[in-house]
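So the structure is just underneath, and the comments pick up after that.
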Ligand SMILES: *Cc1c(COP(=O)(O)O)cnc(C)c1O
């Protein structure tokens, strides 16, 4: 067989203002280009320990079991569900967009019995409905919700929602893929038992790693399971020996070594900036973008009080062709913004201000490009 004559891949230079990935700073890419070492090398173990403590800072938690799962946000999600849902467990699942729907799918596949609490796409989860669901289902073992719904740009009141679960002795699983590093995620203050995030959104690293954190109550539930976790790769009982071996780490799988250098660098950058400053920066750039979008006549779909600063969903103006406009942004301006998902496909654009993409230069560039494309 003849070898295909294909040259090295040279990606175009884009400005990433969609729902993730966000712009990756050169400093993070440089960190990933450092020499690969063995994943059981003591130097690598030291880096893993540092990553864990940096992640505790990002999650604002003292949870010992805090580490990056080797896989995208979706693998972090499955890790939470396959470990914490036991066959027959009743689980209250909040759905107000695409990612809540994925949680429902995970509950079913893990053998759980879902009780769905639905809210309109574009709205936050209604805490009163969650309270009513617990009142009607007092035996529910778990509550699951998405803190920052990337499909719509709505942010829910995680403190209020998880307090209801606590009051009923249930554990909570929170998706904070898009919120971590962009808006406050306070795992301990809110009493969240399990949370998963992603490397490529407000942490501005490359995709493929999923930071997770588990409370002592969550670990106790996993240890007390009557049935083994059905996934070998994601079984926390086994992963624990790799990420928390404390001097006697044992082989579980080969960690993605260089991507982990990247995540370490991204987290060092977050610590240098200060997480409160990162939250304030996302908020300030959102305000600047919002002012410009409103000047262009683009209306937000989420009510102001429920809006997520790092994901701005606006209605596509009448007479503007969605696909053609986004193609022009990409081809003429090297600018990526997000399309609508599900029922919102063709109706909205999702403009991300995540991580390094949340900077004034990007906001101004995006507003200029949008004005041209919609003819303002
Ligand atoms: C992006 C995203 C995910 C999935 O993350 P992947 O890295 O794409 O697997 C899950 N939940 C939310 C809210 C997201 O925005």
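From helices alone, the chain scores -12500 deg cm²/dmol at 222 nm; the rule is -39500 (n - 2.57) for each run of n ≥ 4 DSSP H residues, then divide by the residue total. The order of 350, 166, 34, going from fewest to most other C-beta atoms within 10 Å of their C-beta, is 34, 166, 350. Using the average count of surrounding beta-carbon atoms within 10 Å as a protection proxy, the listed peptides 137-143, 263-269 rank, highest first, as 263-269, 137-143.
Full extension of the chain segment joining residue 136 with residue 295 gains 52.6 nm, where the gain is 0.36 nm per residue of separation less the Cα-Cα distance. When the chain is treated as a GNM with alpha-carbon contacts under 10 Å, the residue of 68, 21, 228 showing the greatest mean-square fluctuation is 228. In whole angstrom, how far apart do the alpha carbon centroids of the stretch 7-71 and the stretch 84-115 sit? Cα centroid of the stretch 7-71 versus Cα centroid of the stretch 84-115: 29 Å apart. Residues 47, 77 in ascending order of nearby Cβ atoms (within 10 Å, fewest first): 47, 77. Between residue 324 and residue 53, the modelled label-to-label distance comes to 5.7 nm, taking each label 7 Å out from Cα in the direction of the beta carbon.
Which whole-angstrom value gives the distance between the alpha carbon centres of the stretch 314-376 and the stretch 220-260? A separation of 41 Å, based on Cα centres. If both residues of a DSSP beta bridge must be in the stretch 115-260, then about 40% of such bridges are antiparallel. For the stretch 280-376, state the average projected area of the convex hull of the C-alpha atoms over all orientations, rounded to one decimal in nm². The Cα convex hull of the stretch 280-376, projected and averaged over all directions, gives 6.0 nm².
Looking at the chain, the DSSP beta bridges with both ends there are about 50 percent antiparallel.
The residues 5, 359, 281, when put in order of fewest to most other Cβ atoms within 10 Å, stand as 5, 359, 281. Any idea how far the Cα center of the stretch 263-292 sits from the one of the stretch 153-186, in Å? The stretch 263-292 and the stretch 153-186 have Cα centres spaced 20 Å from each other. Here the gap between residue 237 and residue 188, fully extended at 0.36 nm per residue and compared with their Cα-Cα distance, gives a gain of 15.4 nm.
Of all the options 105, 336, 118, the one that moves most in a Gaussian network model of the chain with Cα springs shorter than 10 angstrom is 105. Placing R0 at 30 angstrom, the Cβ-Cβ distance between residue 254 and residue 1 gives a FRET efficiency of 0.50 after rounding to 0.05. Taking a ≥ b ≥ c as the square roots of the Cα gyration tensor eigenvalues, with a/c under 1.5 meaning rounded and otherwise prolate when a/b beats b/c, else oblate, which class fits the stretch 82-168? It is oblate, given that a/c is not under 1.5 and a/b is not larger than b/c. With 20 Å bins beginning at zero, the pair-distance distribution over Cα atoms of the chain amounts to 29, 56, 15, 0 %. Given R0 = 41 Å, the distance between the Cβ atoms of residue 225 and residue 372 translates into a calculated FRET efficiency of 0.15. The relative contact order of the chain comes to 24 percent, based on Cα pairs under 8 Å that sit 6 or more residues apart.
Read-outs: derived from the displayed coordinates by stated rules, not from any lab. What you are looking at is a predicted structure, and each value in this text was computed from that prediction instead of being measured. Please note: Cβ atoms are built from the backbone with ideal geometry, for glycine as well, and neighbour counts cover all protein chains shown.
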